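Presented below is the structure to which this report refers.
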Amino acid sequence: MLSSVKSFVIAFAAAILIFGLIGYFIAPQIRSLADNFLTPQGDTVSEPEQFEIPEVPDPKQGIVQTPAAFPQDTSFTLLLVGSDYQPGVFSDYRISVENSTDMEVLASHQRHYKADVVMVVRYNAETGIVMFSAIPVNLTVTAGGISMKLGEVLEKKNITYFTEMVAGIIGMPINYYICCRISLFDEIITRLGGIKYNVPVDMYYVDEEERIVTPGASRDPIPLVIDGEQIYDENGDPVMIPAGKPFTINLKKGVQILNGEKATWVLRYASYANGFTGRRDTQTGFFRDFFDQFANELNHSKLSGIISLINTSDAGSTNMTASDFEELASTFMHYSEYEKTNVNFPCTIAGFGSDERVTFSRNTAYAAYEKYKTQ
């Protein structure tokens, strides 16, 4: 019995060895014959390499490039500045810093003027987005080593310095600026035939210190006389009535066509219960409506004329020439096709009214505007 089992094991092991050797030496030859039979001689067939085409990163921004939404357009950033400077109404403005030192200016007790509206408009042809962002005029900044409000920088320096400062605040280059005094902005809206706007709240405000004087009338105070008798105060000084009538804003809430004067009222009104936030939303809404109504081919010639007006007016300034506007005209006129968005300037607000103080973190501001920059 053991002899038969032993013989079976030896025979089984020998069979495995023999068939293993046959498989090792003969199988490759059989596979080669089969390959030659299925594939014509002289042709080499290789399996194609499988891979996905990667998106090309932008080395400047470290982000993925995508096709431009409006490849025929030019991306640009425009700074709109409204100044409350009214030399035709008031004669007691402070002396110019161009002819004096900062300390001489600060020592003067004359009337101040400032930037009252600061709006950044960004056309991004790569993303197909138009961005609007109101920058707080009460933002605390440092100019020439002196801490002040952003709106005051326009008086103490100039529009070029002011533009560069705003660019540094938002971390975005500004290509063009347009700066208008109240009188010029009034004329611009009037030339355009008025603007349709939904006034968000009833606006009523009276400023006894800011007097409106009719053309040709004296801007000097008038003595107060009652029944033919000059009135004096407790110090024995004559009581004087400021010339002209007090500046007054009086607008009702609702949709209406604003003329030039009323449009300036909307932008200048600041008596909101929520302070800068309310003013920011109103100013942003106004300029969005302005672009909605006028940034189209029908108003091409009117807008071109306005750029020429600003370039030749003493009440405004811009670094955008007529030829610059024509180069950007097609981009301007595509406004309706772009997506629109508002960016609220990231800041911290303390106080209220004339005591309102606004501070910000530069890194936080940069992050808020990063996605809207030129690629």
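Name every residue in segment 319-375 that is surrounded by fewer than 16 Cβ atoms within 10 Å (Cβ to Cβ), more than 25 Å from Asn296 (Cα to Cα) and of a type in the set (D, E, K, R), in order of residue number. If the condition is that a residue be surrounded by fewer than 16 Cβ atoms within 10 Å (Cβ to Cβ), more than 25 Å from Asn296 (Cα to Cα) and of a type in the set (D, E, K, R), then Asp355, Arg357, Arg362, Glu370, Lys371 are the ones that fit. Within segment 184-208, the set of residues being farther than 26 Å from Leu298 by Cβ, of a type outside the set (Asp, Glu) and more than 24 Å from the chain's Cα centre (by Cα) comprises Val201, Met203, Tyr204, Tyr205, Val206.
All of (1) touching a Ser or Thr at 6+ places or on another chain (Cβ under 8 Å); (2) surrounded by 17 or more Cβ atoms within 10 Å (Cβ to Cβ); (3) outside the structural domain of Phe287 (by TED's automatic domain parsing) hold for Arg211 with one exception: (1).
Which one of these is in contact (Cβ under 8 Å) with a residue 60 or more places away in the chain and not hydrophobic (A, V, I, L, M, F, W, C): Gly285, Gly254? First the steps, then the outcome.
Values: Gly254 fails: in contact (Cβ under 8 Å) with a residue 60 or more places away in the chain.
None of the others qualify; the one that does is Gly285.
Scoring Arg191 on the criteria (1) farther than 27 Å from Asn274 by Cα; (2) among the charged types (D, E, K, R); (3) touching a Pro at 6+ places or on another chain (Cβ under 9 Å) leaves a single failure, condition (3).
If only one of Gly244, Gly228 is over 21 Å from Val117 (Cα atoms), of a type outside the set (A, V, I, L, M, F, W, C) and surrounded by fewer than 12 Cβ atoms within 10 Å (Cβ to Cβ), which one is it?
Working: Gly244 fails: surrounded by fewer than 12 Cβ atoms within 10 Å (Cβ to Cβ).
So the residue among Gly244, Gly228 that is over 21 Å from Val117 (Cα atoms), of a type outside the set (A, V, I, L, M, F, W, C) and surrounded by fewer than 12 Cβ atoms within 10 Å (Cβ to Cβ) is Gly228.
Residues in segment 114-162 that are under 14 Å from Phe76 (Cα atoms) and among the β-branched types (Val, Ile, Thr) were compared, and the one that is surrounded by the most Cβ atoms within 10 Å (Cβ to Cβ) is Val120.
In summary, no strands (runs of 3 or more DSSP E) completely within segment 57-139 bear 3 or more residues that are touching a Pro at 6+ places or on another chain (Cβ under 8 Å) and either over 25 Å from Thr321 (Cβ atoms) or modelled with pLDDT of 70 or more (or both). Residues in segment 121-174 that are of a type in the set (Phe, Trp, Tyr) and touching a residue at least 24 places away in the same chain (Cβ under 8 Å): Tyr123, Phe132, Phe162.
The values are calculated or read from the model by the stated rules, or taken from the named source; none is laboratory data. Keep in mind that what you see is a predicted model, and the values were worked out from it rather than measured. Cβ: placed from backbone, ideal geometry, glycine included. Neighbour counts: every protein chain shown.
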